[in-house]
Amino acid sequence: KTEPPSAVRPRALRARWRARAGSGRIMALQAQDDEDELASKIDVKKCTFEEAKQHFKKLRNEQMRQDIYRKNLQKKLAKIKSDLDARTEEVEDLQRAYQLEQSRNQDDNTTVTREKAHKARDQENRILETLSDVLYSKTPPKGSQAPSKLDTVEVAYTPEPEQRRQEDKAAKKKFRYNVAFKVDEGTEVKQLRASVCRYWGLSQEEHILKTMAGNKCQDGILVKECFKQGEIAQLRLEKMLRRPREPTDDEMKAIQPLKPRSKKQPKPGYDAAGVNALQNQHNNYAMDLKKLGGVYFLPRTPAPKPTDHCSKIKLRDLVIYIVLAVVSIYSYSLGRPSGSDFWLRTSFEEQLAKRWQTPDGTPIVALSEMRTADQLWDWLTYTLPSVVFEMQTQKLINLQNFNRLLGPMAIRVQNVKKPETLEGVCRYNDKVVSMLESQGAECLPSKVTEETEDTRDFSNLSKYWSNMTAMEIMEDTTARLRGPTLPWRWQSAAFNEQQYGIRSYAGIVQTYGGSGYLAEYNMNANDRKLREYMQDMNELRKAGWISPYTRAIFVSFTAYNPMYDMFVVSDILIESVPAEAVRTQYHIKPFRPTVQETRRELVETYIDYIRIIISFYIGVFQGMAERRHKIGNHKAGCWYHVSLNGICDVGIVICIWTITIWRNTTLNQKATREWLELASTRFWSFTEIASVYLSMYCVEGVLMILLMYRLISFFRLSRAVYLMWSTLGKAFQSLVFVSLFFLPTCLGMIFMFHALYGPYFHQFALMGRTLLQFYFLVDGDLDSTNLLRLDSTWMLILMIFVYTIIVFTVYNILTVIVVDAYYFKNVTSQPGETWGTARKLKWVVPGFFVNIYQALVVSKPMPVEVSS
């Protein structure tokens, strides 16, 4: 055998190096001999000082030349060694490439062999199916008129039901079974009947064989004598009748006298139509059998292609995803300590939801129980200042005790203007409103838009406000009650966004813009200003600042809690509809406006940088590997992006980049000190920043969901996990179909709930809330006490329908789909390759170390002799 060049070259290089090193040593020894010879020529005892000095100079010069020569030899030796290392590394790289090509060829050969075996099995199945179609074909030899030899007879058997009606002829055809039997020239009917009865487990004395024409076959004759020339070789096994009966139509036709054959009648011979009918007869019940479940479908189902998912699962990918999950959990735990947000939000919620009373002792309803305009004014006048103002004289515990309320509080209202005509507002009932106009009927806009919003100034309020603000000019800025904003003048949404950071806000009825009339009140003013605040509320009420034309009232303020080191933004929305009904909602959001200041926050930033690097690896290298795997399995690479793995990978990359961008843009605009200074001097809305802060951690949750699904895909190395994974994938198609099938039913139920209970309960007033209540009903968490009290008949009908049709039927159908998919996958999927110790070790050890091991140990070249 001739060794490859990669095995010869390192040996030649080593021999050449030995030769060069040997010549260098010889030269060094020769220089040492010359030095000894020079020293022996001079007698140290008889030489003079000058001769010794000259001899010393010669020796020193000779030593310098030797040092220079030695250094040159060392440099040359280092250069030769570096060249040798480079050549050796090049040879080892070529060896590794050669071995990789060999292993790649082996993998390709294995794949080709597996595909060839799969094609061979398919071809064999097609051959068997083709041969089964022509099993009963009895064609005569070519060019010969002799009848074909009879070697196969088909026997049909119809089992008798226990209570069969004689007039039910369809029942006989429905349960008929056909079986083919091999016969020869000497087979008698008695022998055939015994074989047939033994096959079906019947008694020979109670059954007989008949031809398809109804003629009985006697036991003593041969089977071939039972058929006429060209007749189909088929018999029927029937039960013998012990009592006489009327002959059937077929029997009457068979015993009729023969008529003389006319000249036009064809001669008896080969009946092609009969042969075709016999060939197609075994398919008469194929459609009925397809309706049955079980193993009937398994022979019809093509064998699936052997799975190759284990080859793409690498240890480094598993480690990278685990590291990403661990650092994500650690980052979340640093940013959101357990329980801190809940306790901080609960303290604000309890203060805003508390009950209060007027100076004369009249109780005031809580914020969540507010329903009328009078209750709204009482809450704004008495309850709200007791929550946010510093009550020193009354010594009340409110938000000022444990929090620092930043700057002023903002009260903003949005009104609609009274329409001059009925056009555009009362589009469908303008005639009815015009008829009742004399009785005070009017049609007001129900929502605030650019066309319907009122922008006029409250002139009767401007004089009062100017006088009150003029009286506070001489006071300190921190002691003033009112802010610089003029509540009697309308301000646009663009102006409020630029000056106060106010943006659109989503309510129950609609989404409101940032425009309106705005009033500011300093929350750090003492309770001595409480009388002035109440006086302002009375003047605003007299001026019609909040009236039947008001559609929304916003109360917003911001606080800082030093114990939790978090800001809290509180937004209270009070919506008023034209019927003067009031609905309230409030959102309390703890947040941090800047997340890159403390050491803990800097650790989160470093973790984000690590996750950015991992996302780059997932998006580029992992995506390329997954697409190559799809292409290797003869599929388009783009199918990876619509698979669960592709969706998880793309979602992970998007989530990581979204979190990083939010941290470095919206949550890193200013330092915390700058935000405190800004919020202390004037009102500034932190609603958007708080929403981004909470959304960022919601995206962290989505990231963890995607990571967990992606980690499950790596555990498909276990056959149990692989079966469950493929089972859910196959069941998902049927689940989608069933969900779409029941979707109209669910939509109809939602519309019925909205129509029946929408006018009475706010949980069903909007279509979105009705959908949520329908989910609670299906899940069994809906409180139906009030619904039954309103209309027990309809509620009983709807609940029976929901639990019978949707809950019971759908849940059982989904269970059947999953069980059937698991049964199918468990039977049809082929067991994967069994991993030995070598395969497991190769999967665990990185490929770099495997190549080094193969280069140094496995494929170590044998030494060869090289001439110097």
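For the range 362-383, a residue qualifies if it is small (Gly, Ala, Ser) and open to solvent by less than 10 Å² (accessible area, probe 1.4 Å), and exactly one does: Ala366. In summary, Val736 fulfils each of the numbered conditions (1) more than 30 Å from Tyr822 (Cα to Cα); (2) of a type in the set (Val, Ile, Thr); (3) at pLDDT below 90 with the single exception of condition (1). When the test is whether a residue is modelled with pLDDT of 80 or more, open to solvent by 90 Å² or more (accessible area, probe 1.4 Å) and out of contact with any strand residue (DSSP E or B) (no Cβ under 9 Å at 6 or more places or on another chain), Lys116 passes it.
When Glu520 is tested against (1) in contact (Cβ under 8 Å) with a residue 12 or more places away in the chain; (2) out of contact with any Pro (no Cβ under 6 Å at 6 or more places or on another chain), just one condition goes unmet, and that condition is (2). Mind listing whichever residues of the range 765-792 are under 21 Å from Phe742 (Cβ atoms) and either surrounded by 16 or more Cβ atoms within 10 Å (Cβ to Cβ) or among the aliphatic types (A, V, I, L, M) (or both)? Within the range 765-792, Met767, Thr770, Leu771, Leu772, Gln773, Phe774, Leu777, Val778, Leu782 meet the criteria.
Scanning the range 669-705 for residues that are within 16 Å of Leu406 (Cα to Cα) and small (Gly, Ala, Ser) yields Ala671, Ala679, Ser680, Ser685, Ala690.
Filtering Asp93, Asp85 for residues that are within 30 Å of Asn851 (Cα to Cα), under 60 Å from the mean Cα position of the chain (by Cα), at pLDDT 85 or above and open to solvent by less than 70 Å² (accessible area, probe 1.4 Å) leaves a single hit, Asp93.
Just the residues that are touching an Asp or Glu at 6+ places or on another chain (Cβ under 7 Å) and at pLDDT below 85, please, taken from the range 513-533. Scanning the range 513-533 gives Asn524, Asn526, Asp527.
Conditions (1) touching a residue at least 40 places away in the same chain (Cβ under 8 Å); (2) within 21 Å of Met523 (Cβ to Cβ), marked per residue:
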| position | (1), (2) |
| --- | --- |
| Leu461 | yes, no |
| Ala470 | no, no |
| Thr478 | yes, yes |
| Arg482 | yes, yes |
| Trp488 | yes, no |
| Glu497 | no, no |
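Residues of the range 179-230 that are among the acidic types (Asp, Glu), within 14 Å of Thr152 (Cβ to Cβ) and touching a strand residue (DSSP E or B) at 6+ places or on another chain (Cβ under 8 Å): Glu185 alone.
Just wondering, is there one or more residues in the range 527-538 that are in contact with a helix residue (DSSP H, G or I) (Cβ under 7 Å, 6 or more places away or on another chain), in a loop (DSSP other than H, G, I, E, B) and either under 29 Å from Arg456 (Cα atoms) or open to solvent by 10 Å² or more (accessible area, probe 1.4 Å) (or both)? No, the conditions are met nowhere in the range 527-538. Residues in the range 488-508 that are of a type outside the set (Gly, Ala, Ser) and either assigned to a loop (DSSP other than H, G, I, E, B) or surrounded by fewer than 17 Cβ atoms within 10 Å (Cβ to Cβ) (or both): Trp488, Arg489, Phe495, Gln498, Gln499, Ile502, Arg503, Ile508. A single entry from Leu202, Leu192, Leu209 fulfils the requirement of being surrounded by 14 or more Cβ atoms within 10 Å (Cβ to Cβ) and either at pLDDT below 85 or in a loop (DSSP other than H, G, I, E, B) (or both): Leu202. So the check is Cβ under 7 Å with 6+ separation or different chains; which pairs have a first residue in the range 180-198 that's over 12 Å from Arg236 (Cα atoms) and touching a residue at least 40 places away in the same chain (Cβ under 8 Å) and a second one that's acidic (Asp, Glu) and surrounded by 13 or more Cβ atoms within 10 Å (Cβ to Cβ)? Listed pairs, sorted by first residue: Val183/Asp151. When the criteria are applied in full, Val721 fails the requirement of being more than 30 Å from Thr584 (Cα to Cα) and open to solvent by less than 30 Å² (accessible area, probe 1.4 Å). On inspection, Ala679 does not qualify as closer than 30 Å to Leu486 by Cα and modelled with pLDDT of 90 or more. Here Val568 qualifies as over 23 Å from the mean Cα position of the chain (by Cα), closer than 30 Å to Arg404 by Cα, outside any helix (DSSP H, G or I) and modelled with pLDDT of 90 or more. One residue alone among Thr449, Thr511, Thr485 is of a type in the set (Val, Ile, Thr) and either open to solvent by 70 Å² or more (accessible area, probe 1.4 Å) or on the phi > 0 side of the Ramachandran plot (or both), and that residue is Thr511. Being farther than 15 Å from Gly748 by Cβ and in contact (Cβ under 8 Å) with a residue 60 or more places away in the chain holds for only one residue in Leu772, Leu782, Leu766, Leu788, and it is Leu766. Just one of the listed residues (Leu735, Leu694) is touching a residue at least 60 places away in the same chain (Cβ under 8 Å) and either touching a helix residue (DSSP H, G or I) at 6+ places or on another chain (Cβ under 7 Å) or of a type in the set (Ser, Thr, Tyr) (or both), namely Leu735.
Answer with yes or no whether Met474 is hydrophobic (A, V, I, L, M, F, W, C), without any contact (Cβ under 8 Å) to a residue 12 or more places away in the chain and either under 25 Å from Val387 (Cα atoms) or assigned to a loop (DSSP other than H, G, I, E, B) (or both). Yes: the conditions hold for Met474.
Selection of first residues in the range 90-111 that are within 18 Å of Leu856 (Cβ to Cβ) and touching a residue at least 40 places away in the same chain (Cβ under 8 Å) and of second residues that are part of a helix (DSSP H, G or I) and open to solvent by 70 Å² or more (accessible area, probe 1.4 Å), restricted to Cβ pairs under 7 Å at least 6 apart or on distinct chains, gives the following pairs, ordered by first then second residue: Val91/Arg9. Restricting attention to the range 562-576, the residues that are of a type in the set (Asp, Glu) and in contact with a His (Cβ under 8 Å, 6 or more places away or on another chain) total 1. Of the set (1) touching a helix residue (DSSP H, G or I) at 6+ places or on another chain (Cβ under 7 Å); (2) at pLDDT below 85; (3) open to solvent by 30 Å² or more (accessible area, probe 1.4 Å), all apply to Cys426 but (3).
The values are calculated or read from the model by the stated rules, or taken from the named source; none is laboratory data. As the structure is a prediction and not an experimental result, all values here were calculated from the model. Positions of Cβ are backbone-derived with ideal geometry, glycine not excepted, and every protein chain shown enters the neighbour counts. The area values use the complete protein model at the heavy-atom level, side chains included, leaving out ligands, DNA and RNA. Shrake-Rupley method; radii C 1.70, N 1.55, O 1.52, S 1.80 Å.
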